[in-house]
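Worksheet for the structure shown next.
The values are calculated or read from the model by the stated rules, or taken from the named source; none is laboratory data. Quantities reported herein were computed from a predicted structural model and do not represent experimental measurements. All Cβ positions, even for glycine, are placed from backbone atoms using ideal geometry, and neighbour counts span all protein chains on display. Calculation scope for accessible area: heavy atoms of the full protein, side chains included, ligands and nucleic acids excluded. Shrake-Rupley method; radii C 1.70, N 1.55, O 1.52, S 1.80 Å.
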Amino acid sequence: PIYAPDGKAIYFTRNVTPGPIFEYAQNSNTDLFDIQRYDLNTGEVTTVVSGAGGSVRPTPSPDGRKIAFVRRERARSKLYVKDLVSGEERKIYDALDQDVQETWAVTGVYPNMAWTPDSRSVVFWAGGKIRRVDGDGAGVAEIPFRVADTRTVIDALHPQIDVAPDRFQTRMPRWASVSPDGRQVVFETLGKLWIKPMAGGEPRRLVRGDEAELELFPSWSRDGRTIVFVGWTDLGLGRIRTVAAGGAARDVTAQPGHYARPHFSPDGRTIVFERGGGGFLTSPKWSENQGVYRVPAAGGTAVRVARDGAEPQYGADNDRIFMIMSAAGKRQLVSTNLDGEAKRIHATGELVNDFVVSPDGQYFAFRQNYEAFVMPLMPGTQDVAVDEKGGPLPVARASAEGADFINWSDNGRRLHWSMGPTVYTADTAALFASAPGDSGPKYQPPRTGVSISMDVAADKPTGMVALTGARIVTMASKDGGIIDDGVILVRGDRIAAIGRRGEVAIPAGAKIVDVAGKTIVPGFVDAHAHGAQGEDDLIPQQNWSAMANLALGTTTIHDPSARAAEIFVASEMQRTGRILAPRTFSTGEIIYGAKAADVYAEINNYDDALAHVRRLKAEGAHSVKNYNQPRREQRQMVVAAAQHEGMEVVPEGGSLFNMDLTLVQDGNATLEHNIPLRIIYDDVVQFWSQTKTNYTPTLVVTYGGPAGDPYWRQHMDVWRHPLLSRHAPPAVLAAQNVRRTMAPEEDYVDADSAREAKKLADRGVQVSIGAHGQQAGLGAHWEMWSFVRGGWSPIEALRAATIMPATSLGFARDVGSLEPGKLADLVVLDADPTVDIRNSDKVHQVMLGGRLYDSATLNEVATGNRIRQPYWWEMPGASAYAGATAAAATSATDGD
């Protein structure tokens, strides 16, 4: 907004379109913005300037007769002047930089302009210069200026990560639940249930029987004799089961289903549970009639209690079921009778994301800001407002640095939760010792607990294999380090030797794989790889999305926004060979400053930031994502806390140029998403290249116009891709790709962003691909292809997909190039991408940690005999187009 010269009105720009501003890309001639005048005396609002191409950055002349503004002609920004008396509009300058109407635009869409005092000329910015032009378009001149300045910057950290140790400690056990007598804890690790004494000792397996089945969602009966859980296989789906500790399990449900979170009634006669659905990562079969159910513990017919509840549980009584529901964006703790009637609302919280009722019905625990809190549970039908800061009833904070999987023991006398691999305990009576008027000792959250981490062996092949005859692009130097007619000798999971034929001695007994005529490149490292890892905490035995990435050459991913209880579990299962997927690294949940119940991370001081960082580190993160903290010092606190803990910080740029530069200045390890300008000038390049902050522009979702994702969908038949179509549900591919939006070639901005990123890469900034989860399998290739569209050579684009992200993320000791001692992660291609980058997706085989897989089938070849099981849509009776309704909801992960 800007005052009118007479001070009696305000001019401002208004977004007149429904929906997000960046959807302007659908039609660049839409009247997206107009300019309004608000009369300060009358309150009247009138439209001053409007029209195709938008009208932005209003700048009235001192005499009040004219207004300068920016408008697009087709898709390019121009400077206009309107005579406010006659209404005549005139273009006075043709070569503005591109405005940012197609980004978030919360701080304006073009730099400020000003009239000269005599109202004759406009002073404005364009082309990196300050310029002047008369109001009739004559007299264009540059106003020379030069700035010599300094900036204080914080050096970013890029700690080195041990990518593939032989053994590791598990960090993300789930559903740790302490027995009613407090003596044992049951938990899930690597897909199996384990029992461990709370006093210490080794864990032991809970269930004897089917090794192929995942064992999930355990919960104790009130007498401590039985545990109910969900057994799952991708092909057979789920079943509710019960087991006595160390015994054989028995089925409770008669039908397969997508089951979760079962709990016993106090008398042990009934089990309540959730019934959900599949259709994306898992089969859509048995997805009908979802909701909360009850079933006799001895087995029988399940009865639906509620259609829209979650996390069903009991308090003290057998005849009332508690569950969580949502209303007006808030979560509520409700209860009903066994038929789902006589509903009562007990508690409502705007930022609460979990409720757990105590067995005696006297209290409930809730989770907010990743911490555990306890409140008394009011009897009757009173709805009590819930918040960590208190309300009508006293609230006690139980945890110190995060809490998950909250549960009770000893009839509610003790509260338990876990954070990463540690189970913590608090006495309920002690929680309220700090209530007003209580002179007893103040409650201090526990800092130590019972470790349920397990030392496990990583999956490592044995023996030797030699790949012979290929052209090898090692990426060991900037020119690609190319070796023609090469040999790669692999021992176990690492490269033992590499060189030309005749230079590498192949030991007797080594398996020889002839790859003459092929090209071998390092496995691709996707630095910004969103993508589904699970469905409602279920990690499928075969995640086709992850497997499609692997089949097309991505051997390592870094996901900068994911549910910790899914992605870190998937990472551990991948390391131990229980699932086939790329090496998986993540920030876990984002450290998010906007108020959203599931991910809001409130930071008021450095200790808050440190608690959030330590929480994520405990769960398995090596990096954290700094996202939407509204004030700069909050973002700086996240950086300081992460550096204290030896972790990288990968922040969300958010399409805000000024914030982007502060993120670079303040020591963040990378900047995620592109600078939202079509051109960046030398001042930015000089500044950025002197920092240790790297860049992941995510060209597939470039801000500023149609991005790489729609470009490549327009330019290829994705659903017919010979490899991707082997590893993705036909319905999903068709729904996402058959009907495509078409835009003129010159409107796409991915190449512009790539061109500007090259200025930084040429000055030593590590620039990485980041496929954003837009299209499993192909996204990493689209990134490389867009880099080449922006003027990168194929070798440079391959560096952005291999050694540069590996270096930026601290993985380069193990991955990113093909050198002796590094992991044997590589891609065998049918054609040479250094000649034509579009050959990068012609994948013949992929080697991950010394195991060689046929890309078409993902069966292991030469190094072993592991066979991929059928995908869910390949099973007899499955429809090739089942699950299509899930495709639209899961096709992208905007904003992360």
Checklist outcome for this item: Checked pairs for region 417-429, first touching a residue at least 12 places away in the same chain (Cβ under 8 Å) and open to solvent by 30 Å² or more (accessible area, probe 1.4 Å), second part of a strand (DSSP E or B) and of a type in the set (Lys, Arg), C-beta under 8 Å and 6 or more apart or across chains, list as Thr425/Arg414; Asp427/Arg414
Checklist entry - Taking region 207-234 as the search range and keeping residues that are under 33 Å from the mean Cα position of the chain (by Cα), at pLDDT 95 or above and part of a loop (DSSP other than H, G, I, E, B), which one is farthest from Trp286 (Cα to Cα)? => result Glu213
Checklist entry - Of all the strands (runs of 3 or more DSSP E) wholly in region 773-866, which have at least 3 residues that are open to solvent by 10 Å² or more (accessible area, probe 1.4 Å)? => result 843-848, 851-854
Next on the checklist: Which numbered condition in (1) in contact (Cβ under 8 Å) with a residue 40 or more places away in the chain; (2) on the phi > 0 side of the Ramachandran plot; (3) open to solvent by 10 Å² or more (accessible area, probe 1.4 Å) is the only one that Gly201 fails?
Outcome noted: (1)
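So, of the residues in region 299-314 that are assigned to a loop (DSSP other than H, G, I, E, B) and not acidic (Asp, Glu), which turns out to be nearest to the chain's Cα centre (by Cα)?
Gly309
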Item to check | Any strands (runs of 3 or more DSSP E) falling wholly within region 63-161 and containing at least 1 residues that are within 44 Å of the chain's Cα centre (by Cα) and not β-branched (Val, Ile, Thr) | outcome: 66-73, 76-83, 89-93, 121-126, 129-134
Checklist entry - Can we say Val295 is open to solvent by less than 20 Å² (accessible area, probe 1.4 Å), touching a Lys or Arg at 6+ places or on another chain (Cβ under 8 Å) and closer than 28 Å to Asp234 by Cβ? => result no
Checklist entry - On the given criteria, is Asp598 among the charged types (D, E, K, R) and either in contact with a helix residue (DSSP H, G or I) (Cβ under 9 Å, 6 or more places away or on another chain) or open to solvent by less than 10 Å² (accessible area, probe 1.4 Å) (or both)? => result no
Checklist entry - Limited to region 470-485, what total is found for residues that are open to solvent by less than 10 Å² (accessible area, probe 1.4 Å) and not β-branched (Val, Ile, Thr)? => result 3
Item to check | Failed item in (1) farther than 24 Å from Lys595 by Cα; (2) modelled with pLDDT of 95 or more; (3) touching a strand residue (DSSP E or B) at 6+ places or on another chain (Cβ under 9 Å); (4) open to solvent by 10 Å² or more (accessible area, probe 1.4 Å), with Gln382 passing the rest | outcome: (2)
Checklist entry - Considering only residues of region 628-641 that are open to solvent by less than 20 Å² (accessible area, probe 1.4 Å) and either within 18 Å of the chain's Cα centre (by Cα) or without any contact (Cβ under 8 Å) to a residue 60 or more places away in the chain (or both), which is farthest from Arg563 (Cα to Cα)? => result Gln634
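Looking at region 700-729 only, could you name the residues that are of a type in the set (A, V, I, L, M), farther than 20 Å from Gln101 by Cβ and not in a loop (DSSP other than H, G, I, E, B)? Explain how you work it out, then say what you get.
Residues of region 700-729 of a type in the set (A, V, I, L, M): 700-701, 707, 716, 718, 723-724, 728.
If we keep only those that are farther than 20 Å from Gln101 by Cβ too, we end up with 700, 716, 718, 723-724, 728.
Val700, Val718, Leu724, listed by residue number.
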Checklist entry - Scanning for something of a type outside the set (Asp, Glu), open to solvent by less than 40 Å² (accessible area, probe 1.4 Å) and within 30 Å of Val386 (Cβ to Cβ), does region 649-664 turn up at least one residue? => result no
Next on the checklist: Just checking, does region 259-275 include any residue being assigned to a loop (DSSP other than H, G, I, E, B), touching a residue at least 60 places away in the same chain (Cβ under 8 Å), under 21 Å from Glu572 (Cα atoms) and open to solvent by 10 Å² or more (accessible area, probe 1.4 Å)?
Outcome noted: no
Checklist entry - Just one of the numbered conditions (1) over 17 Å from Val861 (Cα atoms); (2) charged (D, E, K, R); (3) open to solvent by 20 Å² or more (accessible area, probe 1.4 Å) is not true of Lys511; which one? => result (1)
Checklist entry - Based on what the data block shows, is Thr474 closer than 25 Å to Val513 by Cβ and polar (S, T, N, Q)? => result yes
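Of everything in region 99-126, what is closer than 23 Å to Tyr748 by Cβ and either open to solvent by 30 Å² or more (accessible area, probe 1.4 Å) or touching a helix residue (DSSP H, G or I) at 6+ places or on another chain (Cβ under 7 Å) (or both)? Give them in sequence order.
Taking region 99-126 and keeping what is closer than 23 Å to Tyr748 by Cβ, we get 99-105, 109-110, 126.
Correct list: Gln101, Glu102, Thr103, Trp104, Ala105.
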Checklist entry - When region 504-537 is examined, which residues are found to be on the phi < 0 side of the Ramachandran plot, in contact with a His (Cβ under 9 Å, 6 or more places away or on another chain) and either part of a loop (DSSP other than H, G, I, E, B) or of a type in the set (A, V, I, L, M, F, W, C) (or both)? => result Val515, Lys518, Phe524, Val525, Ala527, His528, Ala529, His530
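Hey, among Ala761, Ala735, Ala731, which residue is open to solvent by 30 Å² or more (accessible area, probe 1.4 Å) and either touching a helix residue (DSSP H, G or I) at 6+ places or on another chain (Cβ under 8 Å) or among the β-branched types (Val, Ile, Thr) (or both)?
Numbers: Ala761 fails: open to solvent by 30 Å² or more (accessible area, probe 1.4 Å); Ala731 fails: open to solvent by 30 Å² or more (accessible area, probe 1.4 Å).
Exactly one of Ala761, Ala735, Ala731 is open to solvent by 30 Å² or more (accessible area, probe 1.4 Å) and either touching a helix residue (DSSP H, G or I) at 6+ places or on another chain (Cβ under 8 Å) or among the β-branched types (Val, Ile, Thr) (or both), namely Ala735.
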Checklist outcome for this item: Sole miss for Ile488 among (1) farther than 30 Å from His772 by Cα; (2) open to solvent by less than 10 Å² (accessible area, probe 1.4 Å); (3) not in a strand (DSSP E or B) is condition (3)
Next on the checklist: Can you tell me how many residues within region 580-595 are in a strand (DSSP E or B) and either under 30 Å from Glu860 (Cα atoms) or open to solvent by less than 20 Å² (accessible area, probe 1.4 Å) (or both)?
Outcome noted: 5
Checklist entry - Is it the case that Val465 is open to solvent by less than 30 Å² (accessible area, probe 1.4 Å), in a strand (DSSP E or B) and under 21 Å from Asp854 (Cβ atoms)? => result yes
